[in-house]
Amino acid sequence: MTQPSTTLKQLVHLFKVVVLNAIVFGVLGFGISVTWHPQSAPLYHSQALISLTKVRHQQIGTTKYVRYSNGSELTQLFSDNFKAPTTDKAVRQALKKADLAADFDQPGAIMVEMPHNSGLIQINATSHKRTTAIKGANIAAKVAVQQFTKRYQLQNSQVLVRATSADRQITTISRSEIMLKFMFAGMLLGFLWIFVRELWQRRSVAK
């Protein structure tokens, strides 16, 4: 009967160690989640509103006409420009100048949202501090309008409503999230243990 190769044995051993570590650390995480109920710091969400509406007045003879466009055809263009590297860099520089860069260094801390079929753009800012969320939303909205106007030479955009308040939201860490994090840590430690053990064995053989 053919014996398993050395490589196959090593893979099986690695799998066993990783799975065992994941199970042990998962149980440990479950125990911690039962005895300890962690709760993260509150988050504050603030929002500034940008309008892309354009009203044009035109007079033909003695008659005055008003042409109104809600700017809905520009919302996607505005959103793309907000996510562009140039605008992102300008926003970061403005936040840094206001000593707020560290508060918004996480992905998704400042986001753009487009209400369906309207000429409105929402600039959302999230922070652990109420005043910081408000300032961040206003700074991002102001810079976004400046960059859009500068790039496309369109005078449609303006900050319609500045952020003046922030909604408070408490986020909690669920039991399953704690268990998954512990299991992942166990898997990494399993890989690390096998790696260190393999290096030690090779070093011992070399001597």
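Quick check, is residue 200 out of contact with any Pro (no Cβ under 8 Å at 6 or more places or on another chain), surrounded by 13 or more Cβ atoms within 10 Å (Cβ to Cβ) and aromatic (Phe, Trp, Tyr)?
no
Suppose we keep only residues that are polar (S, T, N, Q), within 16 Å of residue 155 (Cα to Cα) and under 26 Å from the mean Cα position of the chain (by Cα) within segment 46-75. Which one would you say is surrounded by the most Cβ atoms within 10 Å (Cβ to Cβ)?
The selected residue is 75.
Has segment 116-135 got any residue that is surrounded by fewer than 23 Cβ atoms within 10 Å (Cβ to Cβ), in a strand (DSSP E or B) and of a type in the set (D, E, K, R)?
no
Can you tell me how many residues within segment 54-78 are within 14 Å of residue 120 (Cα to Cα) and outside any strand (DSSP E or B)?
9
I'm checking my understanding of the structure. Among residues of segment 1-45 that are surrounded by 15 or more Cβ atoms within 10 Å (Cβ to Cβ) and touching a Ser or Thr at 6+ places or on another chain (Cβ under 7 Å), which one is modelled with the lowest pLDDT?
43
Which of the residues that make up segment 101-110 are surrounded by fewer than 17 Cβ atoms within 10 Å (Cβ to Cβ) and either of a type outside the set (Gly, Ala, Ser) or farther than 23 Å from residue 131 by Cβ (or both)?
Correct list: 105, 106, 107.
Residue by residue through segment 89-100, note down the ones that are surrounded by fewer than 15 Cβ atoms within 10 Å (Cβ to Cβ) and either part of a helix (DSSP H, G or I) or without any contact (Cβ under 8 Å) to a residue 24 or more places away in the chain (or both).
Scanning segment 89-100 gives 89, 93, 96, 97, 99.
Does residue 150 fit the bill of being part of a helix (DSSP H, G or I), in contact (Cβ under 8 Å) with a residue 12 or more places away in the chain and of a type outside the set (A, V, I, L, M, F, W, C)?
The answer is no for residue 150.
The values are calculated or read from the model by the stated rules, or taken from the named source; none is laboratory data. This one's a predicted model, so the numbers in the text were calculated from it and none came from an experiment. We place every Cβ from the backbone using ideal geometry, glycine too, and count neighbours over all the protein chains shown.
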